[in-house]
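The values are calculated or read from the model by the stated rules, or taken from the named source; none is laboratory data. Just so you know, these numbers come straight off a predicted model, no measurement behind them. Cβ coordinates were reconstructed from backbone atoms using ideal geometry, including for glycine residues, and neighbour counts include every protein chain displayed.
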Amino acid sequence: MMLTENELKKIDDKIKLLRNTAEELKSLAENIPAITRNTTRLLASVKMMELNISDCIDFDI
């Protein structure tokens with residue numbers, strides 16, 4: 001399935017929103033170890049999505 005440039009941009013925007021939300025949550029809950037650990041894991045997953053979408057954009061997939 002080919003994604004349009006517009007669809008890729010929307011996906012990229014949502015991934016950025018995920019990153020910003022996770023970073024804000026981590027900052028707000030810095031004294032709650034479980035939240036800190038889980039947001040760290042979430043940010044690692046977001047990083048993988050960022051790499052995936054950048055590959056799609058770079059290679060016009």
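Among the residues of segment 5-27, none qualifies, meaning not one is aliphatic (A, V, I, L, M), out of contact with any Leu (no Cβ under 7 Å at 6 or more places or on another chain), outside any helix (DSSP H, G or I) and over 22 Å from Ser54 (Cβ atoms). Could you grab me the full set of residues in segment 28-57 that are farther than 30 Å from Met2 by Cα and in a helix (DSSP H, G or I)? Selection gives Leu28, Pro33, Ala34, Ile35, Thr36, Arg37, Asn38, Thr39, Thr40. All told, Asp55 meets the bar of being of a type in the set (Asp, Glu) and exposed (fewer than 11 other Cβ atoms within 10 Å of the Cβ). Inside segment 1-49, can you point out the residues that are among the charged types (D, E, K, R), at pLDDT below 95 and surrounded by 15 or more Cβ atoms within 10 Å (Cβ to Cβ)? Across segment 1-49, the qualifying residue is only Asp12.
The number of residues in segment 6-25 being over 9 Å from the mean Cα position of the chain (by Cα) and in contact (Cβ under 8 Å) with a residue 40 or more places away in the chain comes to 2.
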